[in-house]
Amino acid sequence: MNKRYSIFSLARNAYTRHEDWQEAWRSPAPKARYDAVIIGGGGHGLATAYYLAKLHGMTNIAVVERGWLGGGNTGRNTTIVRSNYLWDESAAIYEHAMKLWEGLSRELNYNVMFSQRGVLNLAHSPSDMREVQRRVYANRLNGIDSEILNAQQVKEFCPQIDLRGGGRYPVVGASLQRRGGTARHDAVAWGYARAADALGVDIIQECPVHGIKVVDGKVRGIETARGYIETPKVGIVVAGHSSVLAEMAGFRLPVQSMPLQALVSEPVKPTLDCVVMSGAVHAYVSQSDKGELVIGAGVDHYIGYGQRGSQQVPEETISAICELFPIFRRMRMMRQWGGIVDTCPDASPIIGKTPVEGIYINCGWGTGGFKATPGSGWVFAHTVACDEPHPLNAPFSLDRYRTGYLIDEHGAAAVAH
Amino acid sequence: MLLIPCPHCGPRAEIEFSYGGEAHIARPEEPDELTDQEWSDYVFMRRNPKGVVLERWVHAHGCRRWFNAARDTVTYEILAIYPMGQNPPELPEPRYL
């Protein structure tokens, strides 16, 4: 059992030069049978396991991860958290996640460094501004804090921005969500893993899944690198590899996988105390607590599983950031990487049942899954435990591509996907 | 960035091209006969292989002509270029985990 982290445990361990800290979670060998198996040990998968154990009493479960915890998109995103989505269905699920974020460090007894520093979404033209107004009003009707700022108010909130944008990206206004901000992405995975492990969940790393056994339209178990595991319920939470797992189970998804890129600069002293996003030019920037500028770029225009991405994509982002923030022009970029995101035709996730009985899927978060991590795990745990979706994720079914009930968040979600 | 061998103009940088998505998806011949599920498959469902993908490209900033390509989505190697409307040549079948 994990000991609680506190100021006292910190002081106690300081005496022994921090050499006696317990491991945060066990590394057990897989059992032959579990009540449910979650495939994918990223933030969403680990959150699912935690809520299954905590809220639904399912403790004989496992999370299998082919690499290491949070080594995929959880550790590759730009850590931005916000809930200012346009449509009611999205607003409900992202705001549910936001409320969970607000109590998460306490709930998990793990500091996820959630910092509600405010998220600005810039408008560069009168039509951008009208979209901002429409979205802010929709947010307010859904009880989400959202404000409209004019250019002068943008300058007051974030003086580092050059409102002229080099003539190319003039800033005419913005929306602001003050409750939005950032969180430490690795800590989210580690916090959920530690809390789930304490409730008895087996977390099995370095265990890729080779096959899914389906008999008469019903799942029986999974074939892994560490042997066969029998289970009546499988939750697939593997982001960019969703189509690969779906093919193993014998059903199709409307998902397309492509690399989304991000990069960080050399660390500097505190200079930017909010998150600035520009949907029109697909550029995000914030500053991490280590001092690096964290910059998010766009996706490639064609499918691919190489975690690199095309060079011209971050180039466009950087050129826009240099115009908006002339003070950053001489910064040197330290690292650049790509994560494989699973994009859906309507830029909304798929969370629900599949054509195979006992297999549930949580995918299609595309370029914006990190912010939803707690809410996504929460509704998916309900779906897996109760064999039916929670009202919050019922609209996000795979079946919506047949019924036509699409939740089109392209552009409307405050960024261009 | 990909170097794409346009069959008409020779090898050119990726930024000269536009992507046309999965190749060989035929429009249904009897649209009135299709169920909602069949329409959904035609409109939304796509192969998204970790391996060889057959896809369409157009040399938008060059000769403006369409062609098919077979590409490995892990190594990004372009394995074959062939004309629209033709079947793909024999291709390797790499297995990635």
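Worth pointing out:
- Number of the condition not met by A:W68 [criteria: (1) under 20 Å from the mean Cα position of the chain (by Cα); (2) modelled with pLDDT under 95]: (2)
- Residue match in the range B:54-73 (condition: aromatic (F, W, Y) and loosely packed, with under 15 Cβ neighbours inside 10 Å): no
- Contacts under 6 angstrom Cβ, first residue in the range A:170-187 being outside any strand (DSSP E or B), partner hydroxyl-bearing (S, T, Y), 6 or more apart: A:A183/A:T79; A:H185/A:T74; A:H185/A:T79
- Residue within the range B:63-71 that is in contact with a helix residue (DSSP H, G or I) (Cβ under 7 Å, 6 or more places away or on another chain) and at pLDDT 95 or above present: no
- Of the residues making up the range A:207-257, those that are surrounded by 22 or more Cβ atoms within 10 Å (Cβ to Cβ), among the small types (G, A, S) and within 14 Å of chain B (Cβ to nearest Cβ) number 6.
Okay, residues lined up against (1) farther than 25 Å from A:F114 by Cβ; (2) β-branched (V, I, T); (3) assigned to a helix (DSSP H, G or I):
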site: A:A11; (1), (2), (3): no, no, yes
site: A:E23; (1), (2), (3): no, no, no
site: A:A29; (1), (2), (3): yes, no, no
site: A:G41; (1), (2), (3): no, no, no
site: A:A49; (1), (2), (3): no, no, yes
site: A:L69; (1), (2), (3): no, no, no
site: A:S83; (1), (2), (3): no, no, no
site: A:A91; (1), (2), (3): no, no, yes
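- Taking the criterion of being within 14 Å of A:D197 (Cβ to Cβ) and surrounded by fewer than 24 Cβ atoms within 10 Å (Cβ to Cβ), the residues of the range A:52-61 that qualify are A:A53, A:K54, A:T59, A:N60.
- Of everything listed in (1) more than 25 Å from A:A249 (Cβ to Cβ); (2) of a type in the set (D, E, K, R); (3) modelled with pLDDT under 95, the single unmet condition for A:K371 is (3).
- Considering the range A:115-164, the residues that are basic (K, R) and touching a residue at least 24 places away in the same chain (Cβ under 8 Å) include one that is surrounded by the fewest Cβ atoms within 10 Å (Cβ to Cβ), namely A:R134.
- Flag if A:G57 is at positive phi and either modelled with pLDDT of 95 or more or of a type in the set (F, W, Y) (or both): yes
- In the range A:111-152, the residues that are β-branched (V, I, T) and assigned to a strand (DSSP E or B): A:V119, A:I148
- Here A:K3 meets the list (1) of a type in the set (D, E, K, R); (2) in contact with a Ser or Thr (Cβ under 7 Å, 6 or more places away or on another chain); (3) within 30 Å of A:R179 (Cβ to Cβ) almost entirely, failing just condition (3).
- If the condition is being in contact with a strand residue (DSSP E or B) (Cβ under 6 Å, 6 or more places away or on another chain), part of a helix (DSSP H, G or I) and not small (G, A, S), then the range A:241-284 contributes A:L245, A:M248.
- Test for A:L104: is it crowded, with 16+ Cβ neighbours inside 10 Å and more than 25 Å from A:N393 (Cβ to Cβ): no
- In the range B:40-60, the residues that are assigned to a loop (DSSP other than H, G, I, E, B) and within 13 Å of chain A (Cβ to nearest Cβ): B:F44, B:M45, B:R46, B:R47, B:N48, B:P49, B:K50, B:G51, B:A60
- Only one of the listed residues (A:G296, A:G304) is over 25 Å from A:S125 (Cα atoms) and small (G, A, S). That residue is A:G304.
- Screening B:I15 with (1) touching a Gly at 6+ places or on another chain (Cβ under 7 Å); (2) part of a helix (DSSP H, G or I); (3) of a type in the set (V, I, T) gives one miss only, at (1).
- A count restricted to the range B:24-53 and to residues that are β-branched (V, I, T) and without any contact (Cβ under 8 Å) to a residue 12 or more places away in the chain stands at 2.
- Test: A:R179 is under 24 Å from A:A280 (Cα atoms), of a type in the set (K, R), at pLDDT 95 or above and surrounded by fewer than 19 Cβ atoms within 10 Å (Cβ to Cβ): no
- Top-ranked residue of the range A:274-323 - restricted to ones that are of a type in the set (D, E) and under 21 Å from the mean Cα position of the chain (by Cα), ranked as farthest from the other protein chains (Cβ to nearest Cβ): A:D289
- Any hit, the range B:13-23, residues being of a type in the set (A, V, I, L, M), without any contact (Cβ under 8 Å) to a residue 24 or more places away in the chain and within 8 Å of another protein chain (Cβ to nearest Cβ): no
- Condition met for B:L91 (more than 13 Å from chain A (Cβ to nearest Cβ) and part of a loop (DSSP other than H, G, I, E, B)): yes
- Verdict on B:A70 being within 18 Å of B:F17 (Cα to Cα), within 14 Å of chain A (Cβ to nearest Cβ) and assigned to a strand (DSSP E or B): yes
The values are calculated or read from the model by the stated rules, or taken from the named source; none is laboratory data. On a predicted model such as this, the values are computed, not experimentally measured, just so you know. Ideal geometry is used to build each Cβ from the backbone, glycine not excepted, and the neighbour counts take in all protein chains shown.
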